[in-house]
1. Quick one: divide the alpha-carbon radius of gyration of region 4-195 by 2.2 N^0.38 Å and tell me what you get.
2. If we sort 36-49, 181-194 on the protection proxy, mean other Cβ atoms within 10 Å, highest first, what's the order?
3. Size of the dipole of the chain about the Cα centre, Lys and Arg at +1 and Asp and Glu at -1 on the beta carbon, nothing else charged, in debye to 20?
4. Residue separation times 0.36 nm, minus the C-alpha to C-alpha distance between Leu66 and Trp5: what's the value?
5. Take the alpha carbon atoms of region 1-66, find their center, do the same for region 68-102, and report the distance between the two centers in whole angstrom.
6. Kyte-Doolittle cut-off 1.0, length cut-off 27 Å along the helix's own axis using Cα: show which whole DSSP H helices in the chain pass.
Amino acid sequence: MANSWVILGFGAYFVMLIGIAIVGARKMRDMSDYVLGGRRLSSFTAALSAGSSTTSAWTMLALPALAFTSGAVEVWVPAGAALGVWLSWTVLAKRLRHYTIEAGNVLTIPEFYEVRFGDTTGALRVMTSAITILFVVFYVSSGLVGGSKLLETIFGIEENTGVVLTFIAVASYTLIGGFMAVSRTDVSQALLMLVS
């Protein structure tokens, strides 16, 4: 069970995350600010946010477990992930940014596809939204389970309760501050990982 300093540290960290979200919320003017940070993310914030988001529960918990159970062959998983991230940044990112602005400053990938391919039925938006939701559910679930494992290890909190508490914490700063708040909290988490 955790001592009072650990509890105080967790509490202070959560207050800091909410503070970042509130500061971000005060700077929002429209939906573009909420969903895309007004397209004003600095290179520093983008890099640390991407790194922090990529270094999530699957990297720290699931990947080592996979390597332990399957062996050295799993070295291809992080190699493939690194290649995918590199291709995303070097091939897709600039073109996607250019085309989303050209398509009327669209905010989401499903909306972009709808405009880009002239889908007037909305079927393409529904299909790409469903595919996105399917994969995001699995990714977010792994993060929630990772957070609950941390809470279980440090505080002895039961796993289901830990999932709910992790969800409340992440949803709080995400809903309050939008994408910019998530990016800035990712920066704080990346800096914590770098100095740890």
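1. In units of the 2.2 N^0.38 Å rule of thumb, it is 1.14.
2. Per-residue Cβ counts within 10 Å, averaged per peptide and sorted highest first, yield 181-194, 36-49.
3. Taking the Cα centre of the chain as origin, the dipole is about 640 debye.
4. 18.6 nm
5. 21
6. In the chain, the long hydrophobic H runs are 4-26, 123-155, 159-195.
Throughout, read-outs are computed from the coordinates displayed, never taken from laboratory work. All of these numbers come straight from a predicted model, not from anything done at the bench. Virtual Cβ from ideal backbone geometry, glycine too; neighbours counted across all protein chains shown.
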